[in-house]
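Visitor: Supplied in structure tokens, the structure appears directly below.
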Amino acid sequence: MKIFSRAENRITRFLVGIAAKYYLGKPDVSELLQIKMPTIGSVINAALNELFFRLGLERGYKLTTVNLEVTNHCNIKCKMCPVSGSMQREKGFMSLGLFKKIIDENPRIEFILPFQWGEPFLHKEIFEMVKYASNKGIRVMLTSNATLLNDQMCNKIIDSGLERITFSVDGVGSTYTAIRGVEYSAIKNNILLLKKIRDAKKSSLKIDISMVIFEDTEQEVERFFSEWKPLVDRVQVIPVFTAMERKSPCRELWRGIAVVLWDGKVTVCCADYDGRMFYGNANEQKLVDIWNGQRMRRLRREHRQRKFSGICKNCGEYESRQVSKRFQ
């Protein structure tokens, strides 16, 4: 079985690498896609979702991924983040009951991200959530700001069944501190503490670092990679959302992803931080039914006809030669 698994992994890495470079024209996303699609089955599902997008069908092929916003509360105020700025919806925490309901009703989901906006480690039941999904055979990845890490928290993270954790670190040194209002050295030490404990326990947990590119960080990219690449498993940069007229359909509607906000509202994508374009409620329906329900089919039809409404109308990303756009 191990031999088959290694062979499958090599094959999928090759296929995804080719697709990222030559089909998508985004070689910088190759590693991320390889992480998300480690099996032949996951590659096939992604390919069929892409085919449905290319054909302009009103349905997607398969729901494979769920972003579960366990909370939109956060303990820091980042310069470019809507949580402490323009976000208008109520703040809260997803109930453990709703989390389990979503997991139980969608056993064919490949992986979940218990994060959307906010800091997931503020949720008192986050580790129970991660363990519940992991024990059901679902791969779990999580994003955090790293401010709450200590010895106890690091051990809980490692023992939870989490596959990967991504820490958002926007800039290096004083740039980071100016953007996030936290001492850079403290965050770096927290992350290195997790790495030290992980290595001592011989855990398979992967640690990634991510930076948002915008005016304040664009000049930091080279320094950012030099700082973190020797220390963690993966380093990435992503463009910040910015207002820009959309001119082409967004493949995100077909890509097999559902975004569930803390109160159960299901919205179109991570760009909709206020949930204005929600198209269902996970408290009342199964995600697989919502994802290909009437509202979502209508939205796909509008995109196919290049009739963009709501947040889709002016959804864009920061222009930089150093990073590929995600939603185009």
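The values are calculated or read from the model by the stated rules, or taken from the named source; none is laboratory data. Small disclaimer: the values here were computed from a predicted structure and weren't measured. All Cβ positions, even for glycine, are placed from backbone atoms using ideal geometry, and neighbour counts span all protein chains on display. For the accessible areas, the whole protein counts, side chains as well, though only heavy atoms, and no ligand, DNA or RNA atoms are used. Shrake-Rupley method; radii C 1.70, N 1.55, O 1.52, S 1.80 Å.
Visitor: With the chain treated as a Gaussian network of Cα nodes joined by springs under 10 Å, which of Leu55, Leu253, Leu205 yields the largest mean-square fluctuation?
Guide: Maximum fluctuation in the GNM of the chain, among the listed residues, is at Leu55.
Visitor: Here's another thing I want to ask about it. Mean residue ellipticity at 222 nm from the helices of the chain, using -39,500 (n - 2.57) per DSSP H segment of n ≥ 4 over the full residue count, to the nearest 500 deg cm²/dmol?
Guide: Values: 11 runs with 117 residues, N = 328.
It comes out at -10500 deg cm²/dmol, rounded to the nearest 500.
Visitor: Please report, in whole Å³, the volume per residue of the convex hull around the C-alpha atoms of segment 187-255.
Guide: On the way: hull volume 9.2 nm³, N = 69.
About 133 Å³ per residue, rounded to a whole number.
Visitor: If you plug each phi of segment 76-84 into the Karplus form 6.51 cos²θ - 1.76 cosθ + 1.60 with θ = phi - 60°, what whole-Hz ³J(HN,Hα) values come out, in order, with x for Gly and Pro?
Guide: Once θ is set to phi - 60°, the couplings for segment 76-84 become 9, 10, 8, 4, 9, 9, x, 4, 9 Hz.
Visitor: Here's another thing I want to ask about it. Mean Kyte-Doolittle hydropathy of -1.0 or higher plus an axial Cα length of 20 Å or more: which whole DSSP H helices in the chain meet both? Walk me through the numbers before you get to the answer.
Guide: Working: long enough: 2-18 (24 Å, 0.15); 40-55 (22 Å, 1.10); 184-200 (24 Å, -0.02).
Helices meeting the span and hydropathy rule in the chain are 2-18, 40-55, 184-200.
Visitor: So if we plug the beta-carbon distance of Val288 and Lys77 into 1/(1 + (r/R0)^6) with R0 = 41 Å, what FRET efficiency do we get, rounded to 0.05?
Guide: On the way: r = 37 Å, r/R0 = 0.89.
In this case the efficiency is close to 0.65.
Visitor: When a/c reaches 1.5 or more, the comparison of a/b and b/c decides; with that in mind, is segment 83-166 rounded, prolate or oblate per its Cα gyration tensor?
Guide: Working: a/c = 1.86, a/b = 1.15, b/c = 1.62.
Here segment 83-166 falls in the oblate category.
Visitor: According to the square roots a ≥ b ≥ c of the eigenvalues of the Cα gyration tensor, what is the shape class of the chain, taking rounded for a/c under 1.5, prolate for a/b larger than b/c otherwise, and oblate for the remainder?
Guide: The shape class here is rounded.
Visitor: Another one. With a ≥ b ≥ c the root eigenvalues of the C-alpha gyration tensor of segment 142-292, is it rounded (a/c under 1.5), prolate (a/b larger than b/c) or oblate?
Guide: oblate
Visitor: Please state the relative contact order of the chain as a whole percent: Cα pairs under 8 Å, 6+ residues apart? Before the final figure, lay out each step's value.
Guide: Details: 565 pairs, mean separation 65.0, N = 328.
Here the relative contact order equals 20 percent.
Visitor: Another question about this same structure. Summing +1 for each Lys or Arg and -1 for each Asp or Glu, what net charge is found among the other residues whose Cβ lies under 11 Å from the Cβ of Leu24?
Guide: Working: positive: Lys21, Lys26, Arg251, Lys325, Arg326; negative: Asp28, Glu50.
Around Leu24, the surrounding residues sum to +3.
Visitor: Let me ask something else about it. Given a Förster distance of 45 angstrom, what is the FRET efficiency for Ala243 paired with Lys202, based on the Cβ-Cβ distance and rounded to 0.05? Numbers along the way, then the final one.
Guide: On the way: r = 47 Å, r/R0 = 1.04.
Between Ala243 and Lys202 the formula returns 0.45.
Visitor: Show the residues, 5+ positions off or on another chain, whose built amide H is closer than 5 Å to the amide H of Asn72.
Guide: Gly92
Visitor: Still on this structure, please answer the following. What distance in nm separates the two pseudo spin-label positions at Leu96 and Ser185, each 7 Å out from Cα along the beta-carbon direction?
Guide: 4.0 nm
Visitor: Cut-off under 15 Å on the C-alpha distance; same-chain residues fewer than 8 positions from Lys100 excluded. Which aspartates and glutamates are left, in chain and number order?
Guide: Of all the aspartates and glutamates, those that pass the test against Lys100 - Cα under 15 Å, at least 8 places apart if same chain - are Glu69, Glu125, Glu128, Asp263, Glu284.
Visitor: Among Tyr61, Tyr184, Tyr22, which one moves the most in a GNM of the chain with springs linking Cα atoms closer than 10 Å?
Guide: Of the options given, Tyr22 has the highest mean-square fluctuation.
Visitor: Kindly state, to the nearest 0.05, the FRET efficiency for Arg89 paired with Glu128, given R0 = 22 Å and r defined as their beta-carbon distance.
Guide: Numbers: r = 25 Å, r/R0 = 1.14.
The value I calculate is 0.30.
Visitor: Within 10 Å, Cβ to Cβ, of Gly56, how many net charges do the neighbouring residues add up to if Lys/Arg are +1 and Asp/Glu are -1? Show your work: numbers first, answer last.
Guide: Details: positive: Arg54, Arg300, Arg301, Arg304; negative: Glu58.
Summing Lys/Arg as +1 and Asp/Glu as -1 gives +3.
Visitor: When the chain is treated as a GNM, springs tying every alpha-carbon pair under 10 Å, which of Leu142, Leu63, Leu32 comes out with the largest mean-square fluctuation?
Guide: Leu32
Visitor: Compute all pairwise cysteine Cβ distances in the chain, then list the cysteines with no distance under 4.7 Å to another cysteine.
Guide: Lacking a cysteine Cβ partner under 4.7 Å: Cys74, Cys154, Cys250, Cys269, Cys270, Cys312, Cys315.
Visitor: Would you please give the residues with an amide H less than 5 Å from that of Thr143, counting only those at least 5 places away or on a separate chain, with H modeled from the backbone geometry?
Guide: Hits under the 5 Å cutoff: Thr166.
Visitor: Considering only C-alpha atoms, what is the centroid distance from segment 181-230 to segment 107-151, in Å?
Guide: 19 Å
Visitor: Next question. Ignoring ligands, DNA and RNA, what accessible area per residue does the chain give at 1.4 Å, in Å²?
Guide: Values: 15850 Å² over 328 residues.
Using a 1.4 Å probe on heavy atoms only, each residue of the chain averages 48 Å².
Visitor: Counting Lys and Arg as +1 and Asp and Glu as -1, what is the net charge of the other residues whose Cβ lies under 12 Å from the Cβ of Gln294?
Guide: Net charge in that neighbourhood comes out at +4.
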